[in-house]
Amino acid sequence: MPDLAFDLRYLRFVVLVAEHGSFRAAAESQNLSQSTVSRRVQILEHRLGVTLFERSPHGVQLTALGKRFIQSATVGADYLRQAIVDARMALHGQVGELRIGVLTSLAGGFLPDLLQRYRVAYPAVKLRIGEISCYELDAALLSKEIDVAFAIGEPNIRGCVAARLWSERIVVALPTGHRLAEASNVDWRDLRNEKYLVPASPQGADMETFLLRSLPEDCLLPDVEFHGVGRDSLLGMVARGFGVFVSLESLVGSGHENLSFVPVGSDTDKVSLFGAWRKENGNSAVKVFTDFAIAYSHDRGEI
């Protein structure tokens with residue numbers, strides 16, 4: 001069987017001779033001797049076991065087999081060159097796939113802006129995004145189910161790196177007729193008697209844990225009510241007086257009728273959000289992405 005790695009080095013001489021119609025002209029185009037070009041073509045012919053050129057005192061022309069070989073080999077060489085380019089791009093994190101786990105909303109704010117900018121800068125990297133809970137975070141990263149996670153608070157995961165990237169205020173969704181709907185901000189104590197609506201999902205369990213940490217110690221345990229519906233349905237229930245809904249400010253957008261979103265705490269009361277990824281990571285796109293995220297955070301004045 002021919003040594004393809006060897007033969008591909010000689011393919012360009014066959015192409016040059018075919019283009020110029022003579023060994024002499026092909027050699028002059030490369031500042032080589034005619035004998036060098038002729039010898040390399042002969043070596044390739046010998047290894048392939050076919051005659052590629054008909055030789056005459058007036059020049060050379062491809063044989064029928066030579067034409068067929070050129071057509072097939074150049075296509076293969078183009079694929080090989082593209083494979084080499086793709087491999088180099090993958091090595092530098094410019095192509096591939098990035099699996100991202102999020103514990104926060106993509107409705108607006110820092111994270112969707114970051115992902116949009118990264119996608120424009122690195123269009124050949126496919127982003128796979130899924131929601132996870134804080135209970136799933138450690139296992140998802142360590143099992144390599146995801147490459148990068150975005151979480152509320154600093155994750156402390158063995159073998160992983162975490163970087164603070166941005167911060168947000170907490171808001172509470174209230175029906176417009178609520179006694180606190182017109183307030184510029186509210187304190188957690190103002191909400192101690194409210195019924196909190198949360199989704200019946202791992203993310204809902206995260207929210208319950210957050211509420212338990214946030215309410216002052218002298219307040220009663222929060223009245224939490226779980227519902228097997230999504231965020232939009234829960235907000236619809238809030239608008240109809242079923243309870244209140246707590247979230248990050250990035251959730252707030254347009255199209256929410258009969259609702260008021262009121263910040264909880266003072267202007268400086270914010271929660272920090274972090275990116276986390278494995279220290280040892282075979283995916284070159286991870287370092288490029290995390291460096292991009294940190295630089296974008298700096299540009300926005302978040303850190």
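Rule-based calculations on the coordinates, nothing more; no lab input. Computed from a predicted structure; not experimentally measured. Methodologically, a virtual Cβ is constructed for each residue, glycine included, from the backbone with ideal geometry; neighbour enumeration extends over all protein chains shown.
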Percent RCO, i.e. relative contact order, over the range 168-263, from Cα pairs under 8 Å lying at least 6 residues apart: 51 percent
Gained length - L106 relative to R47, 0.36 nm times residue gap less alpha-carbon distance: 15.3 nm
Relative exposure of L32, L212, judged by other C-beta atoms within 10 Å (fewest first): L212, L32
In degrees, nearest ten, helix 64-91 long axis to first principal axis of the chain (Cα): 30 degrees
Rounded Å value of the spacing that divides the Cα centres of the range 233-303 and the range 172-195: 20 Å
³J(HN,Hα), Karplus 6.51/-1.76/1.60, whole Hz, each residue of the range 125-136, x for Gly, Pro: 9, 7, 9, 10, 10, x, 7, 9, 9, 5, 6, 9
Prolate/oblate/rounded call for the range 90-138, Cα gyration tensor, a/c under 1.5 rounded: oblate
For the chain, alpha-carbon Rg over 2.2 N^0.38 Å: 1.65
Percent antiparallel among DSSP beta bridges (both partners in the chain, rounded to 5): 60 percent
Fraction of antiparallel bridges per DSSP, the range 168-263 only, in percent to nearest 5: 60 percent
Footprinting exposure proxy for W277, W166 (fewest neighbouring C-beta atoms within 10 Å first): W277, W166
Ellipsoid semi-axes in whole angstrom, largest first, where each is sqrt(5λ) of the Cα gyration tensor of the range 164-303: 31, 17, 16
Under 5 Å, built H, 5+ apart or other chain: amide partners of R99: R128, D147, V148
Per-residue Cβ neighbour rank within 10 angstrom, fewest leading, V120, V238: V120, V238
Reach of K270 by Cα under 30 Å, taken over lysines that are not fewer than 8 positions away in the same chain: K195, K279, K287
Other-chain or far-sequence residues with amide H under 5 Å of I170's (modelled H): V264, V271
Helix-only [θ]222 nm of the chain, DSSP H runs n ≥ 4, -39500 (n - 2.57) each, per residue, nearest 500: -13500 deg cm²/dmol
